[in-house]
């Protein structure tokens with residue numbers, strides 16, 4: 001069999017006669033397409049994904065586009081306050097037991113206080129999304145004492161634009177710090193809206209009413225700014241946390257500590273002083289109908305005394321309403337079992353329903369500030385009720401601490417044992433957490449009693465000398481004077497924000513006849529506390545500052561990552577109030593005004609309330625923590641209002657002492 005015959009041939013393609021260039025582009029395109037089609041579907045998808053990813057990265061890395069898309073959160077707030085009449089409410093003269101008034105007080109509130117108009121403030125743009133920052137700081141035991149403004153305006157009458165609110169679930173452990181500041185892990189913030197997203201429509205002005213005057217930095221404007229800030233905080237509390245202890249403004253919920261309406265009671269006298277009649281009346285009604293201490297709940301003796309008992313006694317003195325005195329008697333009597341200890345040094349916790357007191361599970365110690373900063377309130381309760389048991393209990397504590405061994409030039413350790421009645425953890429001395437208000441109450445008890453109790457004065461003067469000898473240092477490069485901590489003979493250049501109560505206390509003592517150099521030290525420390533705010537990018541102080549003793553990066557103040565939070569604390573504005581009252585130096589008012597503006601810029605929550613923040617060094621991402629402490633209304637805003645007020649008889653410092661929660665109690669008349 002033969003194989004098929006082969007046909008050999010040659011194929012030749014000849015171009016056109018005048019063609020000079022050979023072009024095979026069409027064949028190349030067909031070849032590329034053929035190769036693309038030969039790839040598997042997964043290979044083609046992967047290549048397309050990589051190309052898209054590179055394109056997106058290129059766009060976001062382009063500076064001009066990124067700048068346009070990034071929210072600007074650190075612009076300053078434009079001030080646009082209306083001039084409002086500044087006539088405030090007048091308190092009942094101190095030292096005199098007010099005439100008892102039953103029922104709701106309507107006539108007691110002076111009619112001269114006008115209902116202020118809401119300020120006219122523009123709204124700044126929305127900052128970028130914030131990542132939660134975990135804070136691992138805080139003692140294992142419960143200890144005490146611890147963005148843009150969205151103010152409602154009428155620039156134009158446009159519809160209200162609703163916005164979506166970002167809320168994240170929180171499942172991490174709570175840490176508790178001094179002064180009852182419950183430190184919870186930072187959470188995703190509810191971002192402030194931009195001006196375009198949220199312009200609040202306000203009813204037009206009534207016919208015949210003149211338009212709002214241009215903004216100025218006048219005293220009237222600043223007073224109204226504080227009133228507006230209080231109303232905004234109260235709006236959030238009323239809407240989301242009414243009758244509960246504390247507002248969580250971002251999650252629009254609340255937290256309970258004792259279940260006693262802590263924020264509401266703490267803010268009663270603030271509302272009276274600010275002249276907020278409507279808010280005071282609704283709060284009074286809640287106290288009358290809903291506030292009950294007949295509860296099976298453990299409360300902290302110190303915190304309940306300074307916030308609840310102090311707030312009720314103060315409001316009674318300002319209003320003359322017997323409702324508040326009756327409630328004060330009730331809670332005062334329920335706290336007395338705390339003093340049933342072998343040493344008479346009180347337990348830290350007491351069940352106000354069962355009448356049983358105890359130490360925390362983890363220790364038999366109480367903190368020194370805890371047991372020595374309840375005297376003003378119980379002494380005043382004894383005077384009003386004519387029941388000496390209250391005064392005897394707290395003054396026995398004072399006498400024991402007075403004669404205890406373990407002090408260092410008048411400085412006291414931080415802990416005291418309820419069984420032995422002796423100091424523990426000796427060798428560490430601070431004016432910060434766990435010891436701060438011991439020194440404050442030495443002076444204020446002496447003033448409350450009419451400057452008659454010499455032991456209190458001696459202990460206070462010795463302590464001030466101990467501070468000057470052992471704790472004072474200067475920073476580099478600016479020579480700022482600060483109060484450090486002494487630990488077994490070694491000075492730690494660390495200062496809590498809590499220590500900023502000291503300039504005001506020193507000024508109060510100097511004004512009351514104590515050495516003039518106390519005032520000189522107050523001026524120096526006030527500058528340092530101001531710099532703890534001014535040197536931070538947000539204009540807000542950290543919880544703890546560390547100071548440089550040697551030149552380092554041109555900065556005096558360093559802040560460790562765990563200490564960068566701000567809890568809306570009052571101590572600096574408290575001292576600014578005292579310093580302005582006694583010096584009339586306007587810079588103290590300006591410093592306070594800057595602090596209020598920073599609160600409004602970085603801590604104000606659009607739906608109502610203010611929140612503590614986690615990072616005062618990062619204006620782009622301050623890290624809101626979703627908690628408004630009761631002392632923001634009870635102390636911080638009250639001291640700001642008193643700082644800006646020209647009325648020195650509004651809580652006269654010659655007639656009142658303010659407890660460590662800013663509740664004014666009368667200086668006793670000479671016959672007491």
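The values are calculated or read from the model by the stated rules, or taken from the named source; none is laboratory data. Since the model is a prediction, treat every value here as computed from it, not as a measurement. Here the Cβ is made from the backbone with ideal geometry for all residues, glycine too, and neighbour counts use every protein chain on show.
For residue 450, which of the numbered conditions (1) within 30 Å of residue 378 (Cβ to Cβ); (2) buried (at least 20 other Cβ atoms within 10 Å of the Cβ) fails to hold?
Of everything listed in (1) within 30 Å of residue 378 (Cβ to Cβ); (2) buried (at least 20 other Cβ atoms within 10 Å of the Cβ), residue 450 misses just condition (2).
From the list 486, 514, 568, which residue is surrounded by 18 or more Cβ atoms within 10 Å (Cβ to Cβ), at pLDDT 95 or above, in a loop (DSSP other than H, G, I, E, B) and more than 24 Å from the chain's Cα centre (by Cα)? First the steps, then the outcome.
Numbers: 486 fails: in a loop (DSSP other than H, G, I, E, B); 568 fails: more than 24 Å from the chain's Cα centre (by Cα).
Of 486, 514, 568, the one residue that is surrounded by 18 or more Cβ atoms within 10 Å (Cβ to Cβ), at pLDDT 95 or above, in a loop (DSSP other than H, G, I, E, B) and more than 24 Å from the chain's Cα centre (by Cα) is 514.
Can you find, within the stretch 232-245, the residue that is nearest to the chain's Cα centre (by Cα) among those that are surrounded by fewer than 24 Cβ atoms within 10 Å (Cβ to Cβ) and outside any helix (DSSP H, G or I)?
Top of the filtered list is 245.
If residue 551 satisfies all but one of (1) surrounded by 24 or more Cβ atoms within 10 Å (Cβ to Cβ); (2) at negative phi, what's the number of the condition it fails?
(1)
Quick check: is even one residue across the stretch 348-367 within 17 Å of residue 456 (Cα to Cα) and under 32 Å from the mean Cα position of the chain (by Cα)? Walk me through it before giving the result.
Step one: list which residues in the stretch 348-367 are within 17 Å of residue 456 (Cα to Cα), which gives none.
The answer is no; no qualifying residue exists.
Can you say whether residue 389 is at pLDDT 95 or above, surrounded by 20 or more Cβ atoms within 10 Å (Cβ to Cβ) and closer than 28 Å to residue 333 by Cα, as far as the supplied structure shows? Break it down into steps so the answer makes sense when it comes.
Details: at pLDDT 95 or above: yes; surrounded by 20 or more Cβ atoms within 10 Å (Cβ to Cβ): no; closer than 28 Å to residue 333 by Cα: yes.
Judged against the criteria, residue 389 is not a match.
Quick one: residue 444 ticks every box in (1) more than 19 Å from residue 473 (Cβ to Cβ); (2) surrounded by fewer than 23 Cβ atoms within 10 Å (Cβ to Cβ); (3) in contact with a strand residue (DSSP E or B) (Cβ under 7 Å, 6 or more places away or on another chain) bar one, so which box is it?
With (1) more than 19 Å from residue 473 (Cβ to Cβ); (2) surrounded by fewer than 23 Cβ atoms within 10 Å (Cβ to Cβ); (3) in contact with a strand residue (DSSP E or B) (Cβ under 7 Å, 6 or more places away or on another chain) applied to residue 444, the lone miss is (2).
Out of (1) at pLDDT 95 or above; (2) more than 18 Å from residue 440 (Cα to Cα), what's the single condition that is false for residue 549?
Just one mismatch for residue 549, condition (1).
Between a residue in the stretch 322-336 that is at negative phi and any residue that is modelled with pLDDT under 95, which pairs come within a Cβ distance under 7 Å, given they are 6 or more apart or on different chains?
Partner pairs satisfying both residue conditions: 322/100; 322/101; 322/102.
Provide a single number: the residues in the stretch 51-87 that are under 48 Å from the mean Cα position of the chain (by Cα) and either at pLDDT 75 or above or outside any loop (DSSP other than H, G, I, E, B) (or both).
Taking the stretch 51-87 as the starting set, the residues that turn out to be under 48 Å from the mean Cα position of the chain (by Cα) are 52-87.
Filter once more, keeping what is either at pLDDT 75 or above or outside any loop (DSSP other than H, G, I, E, B) (or both): 52-60, 63-69.
Count: 16.
Can you tell me which residue within the stretch 393-410, out of those that are closer than 16 Å to residue 446 by Cα and out of contact with any strand residue (DSSP E or B) (no Cβ under 8 Å at 6 or more places or on another chain), is surrounded by the most Cβ atoms within 10 Å (Cβ to Cβ)? Even if it seems obvious, please write down each step before you answer.
From the stretch 393-410, those closer than 16 Å to residue 446 by Cα are 394-399, 401-402; that's our starting set.
Then keep just the ones that are out of contact with any strand residue (DSSP E or B) (no Cβ under 8 Å at 6 or more places or on another chain); that gives 394-399, 402.
Numbers: 394: 25, 395: 17, 396: 15, 397: 22, 398: 20, 399: 11, 402: 14.
Looking at residues that are closer than 16 Å to residue 446 by Cα and out of contact with any strand residue (DSSP E or B) (no Cβ under 8 Å at 6 or more places or on another chain), I get 394.
I'd like to know if the stretch 308-321 contains one or more residues that are touching a strand residue (DSSP E or B) at 6+ places or on another chain (Cβ under 9 Å), under 19 Å from residue 244 (Cα atoms) and crowded, with 24+ Cβ neighbours inside 10 Å. Before you say what the answer is, go through the steps one by one.
Here is the first cut: in the stretch 308-321, the residues touching a strand residue (DSSP E or B) at 6+ places or on another chain (Cβ under 9 Å) are 308, 310, 313-315, 317-321.
Still in the list and also under 19 Å from residue 244 (Cα atoms): 308, 310.
Right, trim to crowded, with 24+ Cβ neighbours inside 10 Å and you get 308, 310.
Yes, the stretch 308-321 has at least one match.
It is to be established whether one or more residues within the stretch 622-633 are surrounded by fewer than 22 Cβ atoms within 10 Å (Cβ to Cβ) and in contact with a helix residue (DSSP H, G or I) (Cβ under 7 Å, 6 or more places away or on another chain).
Residues of the stretch 622-633 surrounded by fewer than 22 Cβ atoms within 10 Å (Cβ to Cβ): none.
Within the stretch 622-633 (the criterion being surrounded by fewer than 22 Cβ atoms within 10 Å (Cβ to Cβ) and in contact with a helix residue (DSSP H, G or I) (Cβ under 7 Å, 6 or more places away or on another chain)), the answer is no, since none of the residues qualifies.
Being at pLDDT 95 or above and either in a helix (DSSP H, G or I) or at positive phi (or both) is true for just one of 665, 637. Which residue is that? Outline the logic, then answer.
Numbers: 665 fails: either in a helix (DSSP H, G or I) or at positive phi (or both).
None of the other options fit; the residue is 637.
Applying the selection to the stretch 253-304, what residues are under 30 Å from residue 368 (Cβ atoms), out of contact with any helix residue (DSSP H, G or I) (no Cβ under 7 Å at 6 or more places or on another chain) and in a helix (DSSP H, G or I)?
Within the stretch 253-304, just 303 meets the criteria.
With crowded, with 19+ Cβ neighbours inside 10 Å, more than 24 Å from the chain's Cα centre (by Cα) and closer than 20 Å to residue 408 by Cβ as the only criterion, which of 472, 521 stands out?
Details: 472 fails: crowded, with 19+ Cβ neighbours inside 10 Å.
None of the others qualify; the one that does is 521.
Scan the stretch 408-421 for residues that are within 17 Å of residue 397 (Cα to Cα), touching a helix residue (DSSP H, G or I) at 6+ places or on another chain (Cβ under 9 Å) and part of a loop (DSSP other than H, G, I, E, B) and jot them down. Working first, answer last.
Initial filter on the stretch 408-421 (within 17 Å of residue 397 (Cα to Cα)): 410-421.
Still in the running and touching a helix residue (DSSP H, G or I) at 6+ places or on another chain (Cβ under 9 Å): 410-416, 418, 421.
Listed by number, the residues that qualify are 410, 412, 413, 414, 418, 421.
Would you point out which residue out of 613, 651 is touching a strand residue (DSSP E or B) at 6+ places or on another chain (Cβ under 6 Å), closer than 30 Å to residue 514 by Cβ, modelled with pLDDT of 95 or more and surrounded by 22 or more Cβ atoms within 10 Å (Cβ to Cβ)?
Numbers: 613 fails: closer than 30 Å to residue 514 by Cβ.
Matching residue, one of 613, 651: 651.
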